[in-house]
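Student: Dropping a structure here in structure tokens format, bear with me for questions.
Coordinate-derived values only; no laboratory data. What you see is a predicted model, and the numbers here were worked out from it, not measured in a lab.
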Amino acid sequence: MENAIYKNAIHHFVMDGEPVSCEPYGCGHINHTFLLTTDTGKRYILQMLNDSVFRDPEGLMQNVVAITRHIASKCSDPRGSLHLNPTVDGKLYARGDKGNVWRLYDFVEGSICLQAPETPEDFYQSAIAFGTFQQQLADFPAETLHETIPNFHNTPDRYRIFREALAADVKGRAKEVGPEADFVLAREEEAGALQRMRDSGELPTRVTHNDTKLNNVMLDAVTRKALCVVDLDTVMPGLAAYDFGDSIRFGAATAAEDEKDLSKMEMSLTEYETFTRGFLTACPGLTEREKQTLPLGAKLMTLECGVRFLTDYLAGDVYFSIHRPEHNLDRARTQFKLVADMEKKWDEMNAITARLARGE
Ligand code: ADP
Ligand code: GN1
Ligand code: MG
């Protein structure tokens, strides 16, 4: 632990016992996450926030505190909400010696976190987790939240940034991505549909998580029931279709987000139905119009994520962590394959959603 980057961060926090180990943990693409264990056996999640992504750590941490308190007030199980540990001087986060922002959560004990559903019930439980999250925050004053990443799911704005990266071509990679760029640009009109409905007020603004990957859900290790959701950095005002859609993008996919063999990548209609049933059960207050837009959320969140991966590939891999040179390009390709598959299954996705929305 002597020379590690967290060395000067740890001593800022109030904790139970003395740290004995601290290891990199999880598969997130953005923050640096460590599992910290003390000599009393207590475990914590220590995180260094990615401050080039999150420019307002103070506002972000105020969001996290307000949201976790609100959720904690609504559930009896202490594992139903994340618990932040303050610094010795009562702050929500610490600054390391390089100015980095660090925070310390209790580890959610007796839990598991999956990269892909092992059973349909796991995916159903993730729908319960994200649906419950949105339901619990239905009475939270959304306007008091800081916008931690402005325009996060503003798909037209993601297109604007993509076009800029394609034109700038700082790494000379544009010549490698012709088919992918064509795929993106051919869908530009439809890509703006949710944003137009948000701007016109046709869809209500809700408090949304905005990063509803399966690996941001904790399940009980024994019962495998939903416990809570983690990764609250992007909780902001948004649309129900964002949270629903991003979950489908990641969890209803038949292959990993970075699978190279695209023939393995499809959107499972069975998983789609499973998730939709869980989400509508846990979050019954959606308007009819919101329910109708859920399939669109799945398609557009997937397209948007592919656009973001492709943009990052063009820009030289400056945003998402990569583990191989073409990682972002591989990720973009899986997302476009998924979008194409959703286009094929579009009528079925809508029929399933409508049937479940009618309670059948
Ligand atoms: P990132 O923004 O990099 O995705 P996350 O907050 O999602 O960071 O954390 C990365 C991983 O660490 C999660 O996918 C989850 O497996 C694990 N994790 C995060 N917070 C906790 C916690 N409080 N208890 C247990 N595991 C956690
Ligand atoms: C990032 O932080 P993580 O790994 O849960 C990203 C999401 C993307 C996702 C793609 C703050 O999520 O928006 O959908 O990667 N988070 C941020 O896997 O940009
Ligand atoms: Mg995460």
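Student: Does region 158-240 come out rounded, prolate or oblate by the C-alpha gyration tensor, with a ≥ b ≥ c the root eigenvalues, rounded set by a/c under 1.5 and, if not, prolate when a/b is larger than b/c and oblate if not?
Tutor: On the way: a/c = 2.85, a/b = 1.58, b/c = 1.80.
Since a/c reaches 1.5 but b/c is at least a/b, the shape of region 158-240 is classed as oblate.
Student: Shape call for region 10-108 from the C-alpha gyration tensor, a ≥ b ≥ c root eigenvalues: rounded (a/c under 1.5), prolate (a/b greater than b/c) or oblate?
Tutor: rounded
Student: Follow-up question, since we're still on this one. How large is the convex hull of the Cα atoms of the chain per residue, expressed in Å³ as a whole number? Present the calculation step by step, with values, prior to reporting the outcome.
Tutor: Details: hull volume 51.1 nm³, N = 360.
Spread over its residues, the Cα hull of the chain gives 142 Å³ apiece.
Student: Could you grab the Rg to Rh ratio for region 217-360? Cα atoms only, Kirkwood for Rh.
Tutor: That ratio is 0.98, to two decimals.
Student: Karplus couplings for region 20-28 from phi (6.51 cos²θ - 1.76 cosθ + 1.60, θ = phi - 60°), rounded to Hz, Gly and Pro as x?
Tutor: Using θ = phi - 60°, the values come out as 10, 8, 8, 10, x, 9, x, 10, x Hz.
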